Amino acid sequence: MNLAFGSPWMLWGAALVAAPILIHLLNRRRYVVVPFAAMRFLLTAFRQRRRRLRLENLLLLVLRCLIVLLAALAMALPFVPEGSPLAALSGGRRELVLVVDRSGSMGRLVAPGVSAADRVVESLRRRIGALSEERGDAVTLICMGSSEMLPAPIGATPSMALAALDGLPPPSGVADVLAAARLVADRVRPARPGRLDVVILSDLQRLSWADVGSALGAAFAATFAEGGGTLRIEPVDVDGREPANVGVQSLAALEPLPRAGEPLVFSSVIRNWSETEPAAVEARWLLDGVRVDTQHLALPPLGTLAVESRQRLDAPGGHHVAFTLSPDDLPLDDARTLALVAHGQPRVLLVDGAPGGADPLSWASGFLSLALDPQQPGTPARFEPVTLDVGRLEGTSAQFADFDAVVLCDVGALTDEQAEALARAVEAGTPLLLFLGPNVEPQLWAARLQSRGLLPMSVGPLRGDPSGSSGEDYVTLALPEPPPPELLLFADPRLAVLLQAPVFAWRELVPLPAPAEGAAPAVPRLLASFVDALGHTTPALVEGRLGRGRVLLCATSAGVDWSLLPRHPALWVPLVHELLTTLLADDPSEHNVPVGQQPALLVDGWPQAAQLTFPSGAVVPVEHPEGERLGSRTRLDLPVPLDEAGAYKLELSLADGSRTVLALAAQPDAREGDLRTVDDAVLAEALAGVPYVLGAELQEDGPARAAGGDGSLAQAMLWALLACALAESLLARWLGAPREGVA
Amino acid sequence: MADSPRSPGAERRAVVLDPKVAERLQHLTLTASRAVEGFLAGRHKSPHRGVSVEFVERRGYVPGDDLRHLDWKAYARTDRLAIKRYEEETNLECTLVVDASASMGYPTDGRPTKYDHASQAAAALAHLVLLERDGAALALFDHQLDRVLPASTSPAHLQPVLLALAEREPAGTTDLSAVLGRLVERIPRPGIVVVVSDLLGEVETLAAGLARLRARNHDVIVLHVLHGDELRFPFDRLTRFEGLEEPQRLLVDPRTLREDYLGALTEWRAQVRRACTVRGVDYHVLDTSAPLDVALSAWLGARMARLSRRG
């Protein structure tokens, strides 16, 4: 017999069984002394009753000790497994664990207007409704694929579970069956030690069930090893419908830095998950909810198709682009929304360490500024460069906050205050581009920039001949293999000649020392190298990160001091444009999160209140949103998960009284479009060693009850305690309690 | 006779005849139930018949007196009944044998003891006997005769009796057989022997002693003194009982033994009664919780009525 306890620490109460014995012993010390004449009759009576007295006293003592012992055992919540001989004594209450598949695929239609999730919820209501709160039945709801796996407490009452069903978010995520099984084993089982009836209601999608391995069976085996239980797997009844699903796999803007007023190309990939060719698929493009393009597509069975649309975002700020398909059996992946920010003209601060005269090109940043803003009438500049003598740099975060990017050109050194302010700005997300030059002091750079993590590599000794008088002794740019996305343009063989612009002098870039004993040094990302005539390479352009900001370090100058790069506009202009565009590009994942996740955003200012509008139209206020202040920006952690797929609008009220609106989107997992299910053999392999039933439970008037109870012996022990207490009371009264041992 | 609480070990106070008892008994006599011999002329039957006697005096008639000796002339004259006393009329000698063993010292918590009660009874009877100008003797005993006062008819003899009773503290073990046997030797002529005791000993020894007394033609009366606690056993707390005469101890919840104790006591009392009655001994129980005057008067009245029926 395996007797286990739900609250084993309560067994210490069994030590109180010594109490009746102690009371017995103490009582024997409290008596009165009576000199008595008729002792002979007393002794006669005693001799007649001695043996019986002893038995009676012993019986009372045993009953009293048993009362204490049963109370301690009952409070320790004993339970026995199903096969135990004592199982028949266990209580009749039912302990259900309902593992509900709430993944995106459960949104598939199984009947006109009825989804698989609807059918499962209906089944859950029926099943939970048949339970009895008076009997102590308990339900644990586990939702696979939901951001909140436990919508109700473990061991909730039936009414609590029914209420939780009403608040379930729409099915959207990916069902992690293994995580659910481990939740049952690691959290539900310790809290509910008795017999557990586990029911998994799922569409048995291959995505969730095919690769669980033996861990699934092991988790359930561990669950049922203590306390026992049953496992039933109920596939969703699909009324024999074969799924027909075409889903949107992806949606992206091809331009890394969307600009307001400029044409943008949006691309989407759709996939036919069915083995049949669907009827004509109508695809629609929507811009901020307004249809802007319609396409009619044809997909082969199990085939994919990439679709593009060129649109224009007229106003800067947040926008939503949606791509929708004709409705089919799985509405979830019939649409996908992309949230993006259309930028105006990015402001770039050029900090010049070698200001020249009236001729802008005499400045170290002159060619750079010209490349960013050619100053050609009729041709709008794509950037707004602002040149500032390093001597006029205030060294405040507020100054840097006015710019979208910062470039240092041949800056000898920054003061500690300037370096600190720059580091805070970069940490908060402001990208930094560093050009070296003759004025750069490596020691000061190491002391003030490198020490603050601003340098991806150390600035080493000067190489080459700055005068360029050596003639042939120069290097050129070379791209690594594979070429970085930022410089993909130059990977085109037709443009490779552009990289032949000579570079006469450069600084050797040295890997940073390891930050601590045994710690691995940060490895910078190499975007380009210098290569000499002999093929020797040295890093020319490297990328690092500080906080949320990216840092690019160029080993040569932005001016013509050390290279002729600026004098090759065919190279120079696209090069700096690509570099800055890359630095300024938004991270799409910041505003586009998987369904069920909570976005973490970097916003300008300090939000005091927020309001989130869901795709369904529901509005959720967020009072005092939590965030980390990073300079003039705030890293905002939104506490509300985006449970619905589609477009969201986040309205922020800032501390300075202004308001800002951000576009967000929640995107379903495209893999949920694969509605194929696993077969019985896969289930059997995954659950090897664990007895289970596959199929729906027969409808009954009451809950099915296997032989024996839920394994809990607490009730039986309490009844036994009551019987002992009654027996003790009656016996003591009959015998004339309190009894005493006889000397 | 007043009962005064007495702490164990303290000096015993004087035994005084309770006026209430005396008043109650004044119209009663301790009549011998059979022919006895006495050295003074009295109302008791003389075993000697046909002997010439001289008129000595008259005394008031009490129920039970022989009507043959009724002085009719005095009645005609005075309208009062009177009995003629003759020279040869025999006087009663009553020996009061009082148990002064340790068991008679129960209870020891200051309440009146069985010995107090026995003393009261003995004093009352002594007073009664002396009132009738009969002889009263006293014998105190434990395992042997301890103090003996020979019989005297003098009314002043009551004081020595009371003093002897008062001076004695209950102590020692009980040996009834030896005591009664010794008593037989000391009482030359048949008389009344009143044994006032709790009789806590073997019934066989009591029976043997009584038999010896009866063999000498004594009129034996047994006043069985028992305390209310012994009769009803009211104890309800865990108690360690300690023997008063024997070194015995018993720690027990009295409620567990009450039924059996009372059963044993009742059976023993029945045996004692049987032992007395089969030997023609007048047996009466004196419950210390009952007023002595009531108990004695009731007993004496019943005794007199019984004897008068016998003629």
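Structure summary
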{"item": "Segment A:338-350: number of residues that are over 15 Å from residue A:576 (Cβ atoms), among the hydrophobic types (A, V, I, L, M, F, W, C) and touching a Leu at 6+ places or on another chain (Cβ under 7 Å)", "result": "3"}
{"item": "Matching option when the condition is within 21 Å of residue B:285 (Cα to Cα), out of contact with any Leu (no Cβ under 8 Å at 6 or more places or on another chain) and among the β-branched types (Val, Ile, Thr), among B:194, B:203", "result": "B:203"}
{"item": "Count of segment A:249-289 residues which are open to solvent by 40 Å² or more (accessible area, probe 1.4 Å) and among the β-branched types (Val, Ile, Thr)", "result": "2"}
{"item": "Among residues of segment B:219-244, those that are of a type outside the set (Gly, Ala, Ser) and farther than 30 Å from residue B:303 by Cα, counted", "result": "10"}
{"item": "Near pairs, Cβ below 7 angstrom, 6+ apart or cross-chain, from segment B:86-110 (over 27 Å from residue B:201 (Cα atoms) and within 14 Å of another protein chain (Cβ to nearest Cβ)) to any residue that is at pLDDT below 90 and open to solvent by less than 10 Å² (accessible area, probe 1.4 Å)", "result": "none"}
{"item": "Residue among A:709, A:657, A:702, A:689 that alone is over 30 Å from residue A:107 (Cα atoms), modelled with pLDDT under 85 and assigned to a loop (DSSP other than H, G, I, E, B)", "result": "A:709"}
{"item": "Residue B:133 vs. criteria under 25 Å from residue B:61 (Cα atoms) and surrounded by fewer than 21 Cβ atoms within 10 Å (Cβ to Cβ)", "result": "yes"}
{"item": "Conditions (1) at pLDDT 85 or above; (2) of a type outside the set (A, V, I, L, M, F, W, C); (3) farther than 30 Å from residue A:437 by Cα: number failed by residue A:623", "result": "(1)"}
{"item": "Which numbered condition residue A:398 misses (of (1) within 21 Å of residue A:586 (Cα to Cα); (2) part of a helix (DSSP H, G or I); (3) open to solvent by 30 Å² or more (accessible area, probe 1.4 Å))", "result": "(1)"}
{"item": "Index of the failed condition, residue A:644 passing every other in (1) surrounded by fewer than 22 Cβ atoms within 10 Å (Cβ to Cβ); (2) in contact with a helix residue (DSSP H, G or I) (Cβ under 7 Å, 6 or more places away or on another chain)", "result": "(2)"}
{"item": "Boolean, residue A:338 is within 27 Å of residue A:642 (Cβ to Cβ) and part of a strand (DSSP E or B)", "result": "yes"}
{"item": "First in segment A:96-110 and without any contact (Cβ under 8 Å) to a residue 12 or more places away in the chain, second anywhere and open to solvent by 10 Å² or more (accessible area, probe 1.4 Å), Cβ under 8 Å, 6 or more apart", "result": "none"}
{"item": "Positions within segment A:382-411 being β-branched (Val, Ile, Thr) and more than 25 Å from residue A:257 (Cβ to Cβ), in sequence order", "result": "A:390, A:396, A:411"}
{"item": "Segment A:173-184, residues that are small (Gly, Ala, Ser) and open to solvent by 20 Å² or more (accessible area, probe 1.4 Å)", "result": "A:179"}
{"item": "Cβ-Cβ under 8 Å pairs, at least 6 apart or on other chains, segment B:223-235 side more than 10 Å from every other protein chain (Cβ to nearest Cβ), far side hydroxyl-bearing (Ser, Thr, Tyr)", "result": "B:223/B:197; B:224/B:197; B:224/B:283; B:225/B:197; B:225/B:288; B:228/B:288; B:228/B:289"}
{"item": "Pair list, Cβ < 9 Å and 6+ apart or interchain, from segment A:38-62 residues that are away from every other protein chain (no Cβ under 11 Å) and open to solvent by 10 Å² or more (accessible area, probe 1.4 Å) to residues that are small (Gly, Ala, Ser) and part of a helix (DSSP H, G or I)", "result": "A:59/A:727"}
{"item": "Qualifying residue in segment A:609-625 (condition: part of a helix (DSSP H, G or I) and closer than 30 Å to residue A:332 by Cβ)", "result": "no"}
{"item": "Test: residue in segment A:290-308 that is farther than 30 Å from residue A:486 by Cβ, surrounded by fewer than 18 Cβ atoms within 10 Å (Cβ to Cβ) and of a type in the set (Gly, Ala, Ser)", "result": "yes"}
{"item": "Meets criteria (without any contact (Cβ under 8 Å) to a residue 24 or more places away in the chain and either open to solvent by less than 10 Å² (accessible area, probe 1.4 Å) or assigned to a loop (DSSP other than H, G, I, E, B) (or both)) for residue A:237", "result": "no"}
{"item": "1 or more residues away from chain A (no Cβ under 14 Å) and surrounded by 16 or more Cβ atoms within 10 Å (Cβ to Cβ): qualifying strands (runs of 3 or more DSSP E) within segment B:239-304", "result": "B:282-287"}
{"item": "Some residue of segment A:313-322 being over 30 Å from residue A:604 (Cα atoms), open to solvent by 30 Å² or more (accessible area, probe 1.4 Å) and not small (Gly, Ala, Ser)", "result": "no"}
{"item": "Residue selected from segment A:28-37 under the condition open to solvent by 40 Å² or more (accessible area, probe 1.4 Å) and within 7 Å of chain B (Cβ to nearest Cβ), by the criterion modelled with the lowest pLDDT", "result": "A:30"}
{"item": "Subset of segment B:106-130 [surrounded by fewer than 22 Cβ atoms within 10 Å (Cβ to Cβ) and under 30 Å from residue A:34 (Cβ atoms)]", "result": "B:107, B:108, B:109, B:110, B:111, B:112"}
{"item": "Residue check for residue B:174: at the interface with chain A (Cβ under 8 Å from one of its Cβ atoms) and surrounded by 15 or more Cβ atoms within 10 Å (Cβ to Cβ)", "result": "no"}
{"item": "Residue check for residue A:583: crowded, with 22+ Cβ neighbours inside 10 Å and closer than 29 Å to residue A:655 by Cβ", "result": "yes"}
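The values are calculated or read from the model by the stated rules, or taken from the named source; none is laboratory data. What you see is a predicted model; the values in this text were computed from it and never measured. FYI the Cβ positions are ideal-geometry reconstructions off the backbone, even for glycines, and counts take in every protein chain you see. Side chains included, ligands, DNA and RNA excluded: accessible areas come from the protein's heavy atoms. Shrake-Rupley method; radii C 1.70, N 1.55, O 1.52, S 1.80 Å.
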